[in-house]
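Student: Submitted below is the structure of interest, expressed as structure tokens.
The values are calculated or read from the model by the stated rules, or taken from the named source; none is laboratory data. Not measured: the values here are computed from a predicted model. Using ideal geometry, Cβ is built from the backbone for each residue, glycine included, and neighbour counts are taken over all protein chains shown. All accessible areas refer to the heavy atoms of the entire protein, side chains included, with ligands and DNA or RNA removed. Shrake-Rupley method; radii C 1.70, N 1.55, O 1.52, S 1.80 Å.
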Amino acid sequence: MVALVRRGFAAALLLALAAPAAALEYRNTGRAAILYDAPSTAAGRVAIAGAGLPLEVVVDSGAWVRVRDHGGRLTWIEKAVLDGPRSVMVQSDAAAVRQQPRPDAGLVFRAARGVLLEVRSGEAGPPGWLAVRHAGGLSGWIAANEVWGQ
């Protein structure tokens, strides 16, 4: 019986470790901000995050937040700058933004990898689709699997 319990525990542990980690929260920069290698303005500067950049929150520690960017890099950012409107980053080579939340709907435009798109609030579509707006004013629907930061 003890061996069976141990095997069950080991199997559960392996499944937990193999399961993909899900982001608990994404936040966006409200303006350009410095990313640091430690939670202090005296720490090393790693990069500058542009306004509207979606970042995955890993640890929220008072005035500082440990974040992961779209490339997987872990850095620290001051919490005060994570107050921007919700946006996502295109992760495919040329993502189709459509007139309606369907793969066969008319094409509004294509967005290249790295383009930031604002998520339109209050417009819920079917699962797997996001209502978005380009900085140039065009808007439509994009498949959620084509963007990072939702």
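Student: If you add up the charges near His70, with Lys and Arg at +1 and Asp and Glu at -1, over every other residue whose beta carbon is less than 12 angstrom from its beta carbon, what do you get?
Tutor: My count for the surroundings of His70 gives +1.
Student: How much accessible area does Asp83 have with a 1.4 Å probe, in Å² rounded to the nearest 10?
Tutor: Number for this one is 100 Å².
Student: How much accessible surface does Val67 have with a 1.4 Å probe, in Å² rounded to 10?
Tutor: 0
Student: A further question on this structure: Tell me, what is the per residue accessible area of the range 35-150 in Å², probe radius 1.4 Å? Walk me through the numbers before you get to the answer.
Tutor: On the way: 5940 Å² over 116 residues.
Ligands and nucleic acids excluded, the figure is 51 Å² per residue.
Student: Now for a separate question. Could you state how much accessible area Leu74 has, in square angstrom rounded to the nearest 10, with a 1.4 Å probe and all protein chains kept in place?
Tutor: About 70 Å², ignoring ligands and nucleic acids.
Student: Also, quick follow-up: Using the alpha-carbon centroid of each, what span in Å lies between the range 125-142 and the range 30-71?
Tutor: Value for the Cα centre distance between the two parts: 26 Å.
Student: Any idea what log10 I(q)/I(0) is at q = 0.13 Å⁻¹ for the range 13-150, Debye with uniform C-alpha scatterers and no solvent?
Tutor: Summing over Cα pairs of the range 13-150 leads to -0.60.
Student: Within the range 41-150, which GluC sites (Glu not before Pro) sit in a loop by DSSP and count at most 16 neighbouring Cβ atoms inside 10 Å?
Tutor: Within the range 41-150, the qualifying GluC sites (Glu not before Pro) (loop, at most 16 other Cβ atoms within 10 Å) are Glu123.
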